[in-house]
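One structure is given here, and the rest of the page talks about it.
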C-alpha cells in the first residue's frame with residue numbers, strides 16, 4: 001500500500017495583492033529551487049508542485065505556499081492496485097450511475113483551499129498513514145583556503161591599523177563567510193550581527209576591565225571584590241552571549257534562539273566547576289555533560305526547541321579512555337627521562353591521538369544526541385582521519401609561520417561538513433519563526449574579551 005499519496009497542486013494563479021517577483025523568491029525558498037525556475041513553473045498553468053507526500057507534510061506545504069502568494073490545492077491520486085496500476089471503478093449502483101461526477105480529472109481530486117478537510121478518494125479505501133517520511137540531507141561547505149586567506153589577512157591588518165576597532169567588523173566578516181558557505185538542503189546559514197553593536201559591547205567590557213585593573217593596582221584588596229563580582233556576573237554574561245549569537249544566526253530566513261534562566265547558567269558554569277575542584281577533577285565529565293545539556297536544551301530554531309538524549313555515563317566513558325591514554329603518555333615521558341631522553345618523542349603521537357579521540361568522541365556524541373523536534377543530526381567523524389587532519393594542519397601552520405591557518409580552518413570545516421548529516425522526519429518547511437527581542441552585545445563581547453568558548 002502506498003502511504004505517501006498526497007500532492008500539492010498549483011492552480012495556475014498568483015493571489016491578488018502579491019508582487020510576482022517576491023512570490024517567485026518565496027516559492028523558490030519553500031521548494032528549494034532557484035527563483036528563475038520558480039518563475040517558469042508558475043506560468044499560469046495548473047501543475048503538480050509536490051507529490052508522494054504524507055498528509056501532514058502536504059497540508060503544511062499548501063499553507064506555506066498560500067502564504068507565499070499562490071493558489072494551491074491538496075490532491076489525492078487514484079489508489080494503486082497490487083500491480084501498481086490504477087484500480088478500476090467498483091460496480092456502480094443505479095443511484096450512483098445517475099449522480100454527476102465530482103471532477104473531470106480521473107487521476108486527482110483537488111480541493112480549492114489548502115486547509116479543506118479531505119474526503120476519501122474511493123469509498124472504503126484505507127485512511128492514509130500519518131507516518132513521516134525520512135530524508136537525509138548532507139551538510140556542505142563551499143569555502144576555499146585562498147578565498148578565506150584574503151579575508152583573514154585583511155582582517156588582521158585593519159585590526160592592527162585601527163588599534164583593534166576593526167575587530168568587530170573582522171568577526172562579522174569571518175562568521176558571515178563560514179556561515180554562508182555552510183549549506184544543507186541547498187540553503188546556506190546566515191550571520192546577521194551588527195558590528196557596531198559588537199564594538200560598543202567590547203568598549204564597555206574593555207573599559208570596565210581597565211578600570212578594575214587600575215583600581216586594583218592602587219588598592220590590591222579590591223581585586224578580590226572584582227573577582228567575586230565576576231563570579232556573580234558570569235552566568236548572566238554566558239546567557240547574554242549565547243542569546244546574542246543565536247538570535248543573529250539564521251537558516252532559511254528563520255533565526256535560532258536561546259533562552260535560559262540565571263540559575264541554570266549559574267549551576268552549569270559556576271556551581272558544578274567549583275564542585276569539580278573540590279573532588280579533584282572526578283566530576284569533570286559530569287560537568288562537561290551538564291554544560292552541553294544546558295547549551296542544547298535551551299536552544300531553539302524558530303519556535304522549535306532542541307532536545308538532548310546523551311547521558312553523563314557517555315561522557316565518563318570518553319573521558320576515562322582519554323585519561324588512560326594520557327597516563328600512558330606520562331609513563332613514557334617518565335621512562336624516557338630516566339633511561340633515554342629521545343624516547344620522549346613516542347609520547348607525542350599518543351597525545352595527538354588523545355586529543356583526536358576526545359574531540360571526535362564528544363563531537364559525535366553532541367550531534368548524534370541532539371534533536372530538533374522529530375529531526376536529528378548524524379555525525380560520523382573518525383578518530384584516525386581527524387588525527388591526520390590535525391597533524392598535517394599543525395605542521396603546515398608551524399612551517400609557514402602561521403600563514404597556513406586559513407587553509408587549516410577551511411580544511412577542518414570541510415571535514416566536519418562531510419561527516420555531518422541532517423536526518424529529517426517529514427518536511428523541513430513547517431518550522432515557524434519566533435519574534436526575537438533585541439539582545440545587546442555585552443555578553444558576546446565578554447566571551448571574546450575573556451576568551452572563553454561558549455559555542456556548541
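Please treat every number below as a calculation from the coordinates, not as lab data. Note that the structure is predicted; figures quoted are calculated from it, not measured. Positions of Cβ are generated from backbone atoms using ideal geometry, with glycine treated the same way; all protein chains shown enter the neighbour counts.
Summary of values
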| quantity | calculated |
| --- | --- |
| Per-residue Cβ neighbour rank within 10 angstrom, fewest leading, 20, 197 | 20, 197 |
| Calculated FRET efficiency for the pair residue 47/residue 204, C-beta based, R₀ 60 Å, to 0.05 | 0.60 |
| Residue 297-residue 185 pseudo-label distance in nm [points 7 Å out on the Cα-to-Cβ vector] | 2.6 |
| Cβ-derived FRET efficiency at R0 22 Å, residue 418 paired with residue 317, nearest 0.05 | 0.30 |
| Segment residue 67-residue 351, length gained on full extension (0.36 nm per residue, minus Cα span) | 96.7 nm |
| Relative contact order computed over the range 135-449 (Cα-Cα under 8 Å; 6+ residues apart), in percent | 28 |
| Förster-model FRET efficiency, 25 Å R0, residue 307 and residue 253, C-beta, rounded to 0.05 | 0.60 |
| Segments 386-392, 360-366 sorted - mean Cβ within 10 Å per residue, highest first | 360-366, 386-392 |
| Global geometry of the range 135-449, whether rounded, prolate or oblate, following the gyration tensor of its Cα atoms and the 1.5 cut on a/c | rounded |
| Additional length obtainable on full extension of the chain from residue 382 to residue 33, 0.36 nm per residue less Cα span | 122.3 nm |
| Net lengthening on full extension, residue 138/residue 282 (0.36 nm per residue, minus Cα-Cα) | 48.1 nm |
| By average C-beta atoms within 10 angstrom, highest first, the peptides 8-14, 226-232 | 8-14, 226-232 |
| Ranked 66, 40, criterion: other C-beta atoms within 10 Å, fewest first | 40, 66 |
| Distance between the range 316-362 and the range 226-243 - C-alpha centres, whole angstrom | 35 |
| Residue order, fewest to most surrounding Cβ atoms within 10 angstrom, among 382, 314, 427 | 382, 314, 427 |
| The range 41-71 residues near the modelled residue 15 label - backbone nitrogen below 11 Å, point 7 Å along Cα→Cβ | 63-71 |
| Between the range 132-152 and the range 387-421, the alpha-carbon center distance in angstrom | 15 |
